[in-house]
Amino acid sequence: MAGRLRKVTLRIDGDPLLLEGLETIVDGSSLLGFLRVEESDLLVKPVSSRPIVTGYVEGKHFISGLYKDKNTRYNKDPRFVAERLVEYLKEVELEARVGVELEFYIVESVESRLTPVSQSLNVKPIGEADYPQSSLWFVKTYDSPGEDKVGKLLGRVLAELERNELYFSKVHRENGPRGQVEVSTPAGTPIETADFVQHFKYMARVVGGREGFRPVFLAKPFPDDYGSGMHVHVSLWQGASNIFEEEGKLSDEALYFIGGLLEHARSLAAFTNPTVNSYRRLVEGFEAPVYVSWGLGNRTTAIRVPTQHQGRVEYRPPDPTSNPYLSISAIIMAGLDGIRKKISPSEPTSRNLFEEAAGWGTGGRVLPRSLEEALEELEADNDYLQPVFDRELLESYIELKKREAKAFRSYPTPVDYLFYLEY
């Protein structure tokens, strides 16, 4: 549920592309938030017929699903949530098209150590460099051309993905000077886009381990620098018609969708910002959303409608530590609740909310300031997630994340000593 990929390796005699009967049993009690040890058997079977092949790791890799038995999916399998979402949309004759902008840092190394009396962290950034120039890149107009180490390393990851017909739509350097980049995906189904995110993070780590670099997907890796987000773009379609657009403008359905996102933004944070570190990013001063707000072309708001593409809605709070199957599904369910209940949003704001401490025009609502606060919101506001999110999954997720937050709360950090040793 936390979003980390797990791998089990099978030796196969014959053609590994013949997936019939390709399955194995795993210990579900070893997966946080899943099963108790006395009833822990889960079946793993491929749910995608597309193999992932890389020159860095032998064999073929398949995204797989968890099953209680040969024909019954396990209700806490995060990918199953996204599959249920797609089926639910079909029932109401809709299709969601989703794209993400995935931000992260590329550094040379990360070394960390934690004991009850010793803590250390040493991150070695690659540092300032020129910007990449090749057929692979879209480069911002203010970037200077030239190959750099960050670009070469990222290029190897993207080449491995393209080898598997997994394509990006745009990539460029981001504002963080310590090797921050952004990769955007084309619009796909919720499942396709979430699969891409998981494949990308896996490939970045595999290639990085062999090429001498480390991808960092933390929402806030450096205290004095920009955080990393995973902005989610959504549009809803009926056949060939985008129901978010009407004569080049936002339709009523799009406005209601925005209304749903605004209504449920604080509980959504439990999925879109699921770690203690997530809330180090959602602070003023580093171009991250803080206020529950929306605007046209306004990147200071939590929800942005691109000026040139008013047929889609961008939700900006999510970060790369989120489980994409859960976060994307929750975002769409919140928007659908807005359409179902015809929740009209507030007026869009054109103000710079990064500069206005009062959050002018937002009604004063802010995103949660901590993981505990977000989980409390989810406990109180989760009916909109049904029928896609199983009740048992929600309860287990909240319990798992509460334990995580409690564990963090008990550890003093070097910052505690720096600020309070002389009190």
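The values are calculated or read from the model by the stated rules, or taken from the named source; none is laboratory data. This structure is a prediction, so every number in the text was calculated from the model and none was measured. Note that we place each Cβ from the backbone using ideal geometry, even for glycine, and neighbour counts take in every protein chain shown. Surface areas here come from the heavy atoms of the whole protein model, side chains and all, with no ligands, DNA or RNA. Shrake-Rupley method; radii C 1.70, N 1.55, O 1.52, S 1.80 Å.
A count restricted to the stretch 165-212 and to residues that are in contact with a helix residue (DSSP H, G or I) (Cβ under 6 Å, 6 or more places away or on another chain) and of a type in the set (Gly, Ala, Ser) stands at 3. If we keep just the residues of the stretch 152-191 that are aliphatic (A, V, I, L, M) and surrounded by fewer than 19 Cβ atoms within 10 Å (Cβ to Cβ), which is nearest to Arg281 (Cα to Cα)? Going through the qualifying residues, I end up with Ala187.
Search the stretch 291-310 for residues being outside any strand (DSSP E or B) and either open to solvent by less than 10 Å² (accessible area, probe 1.4 Å) or in contact with a helix residue (DSSP H, G or I) (Cβ under 7 Å, 6 or more places away or on another chain) (or both), and hand back the single one that is nearest to Lys249 (Cα to Cα).
Keep residues of the stretch 291-310 that are outside any strand (DSSP E or B), which gives 292-293, 297-302, 306-310.
This time we only want the ones that are either open to solvent by less than 10 Å² (accessible area, probe 1.4 Å) or in contact with a helix residue (DSSP H, G or I) (Cβ under 7 Å, 6 or more places away or on another chain) (or both), so: 292-293, 301-302, 306.
Numbers: Val292: 22, Ser293: 19, Thr301: 19, Ala302: 20, Pro306: 11 Å.
For the stretch 291-310, the residue satisfying everything is Pro306.
For the stretch 31-46, the count of residues that are of a type in the set (Val, Ile, Thr), at pLDDT 70 or above and either open to solvent by 80 Å² or more (accessible area, probe 1.4 Å) or over 27 Å from Thr321 (Cα atoms) (or both) is zero. Counting only helices (runs of 4 or more DSSP H) that sit wholly inside the stretch 178-284, those with at least 1 residues that are closer than 17 Å to Ile328 by Cα and in contact with a strand residue (DSSP E or B) (Cβ under 6 Å, 6 or more places away or on another chain) are 190-211, 252-272. If only residues of the stretch 368-410 that are of a type outside the set (A, V, I, L, M, F, W, C) and within 18 Å of the chain's Cα centre (by Cα) are counted, the one that is most open to solvent (accessible area, probe 1.4 Å) is Ser370.
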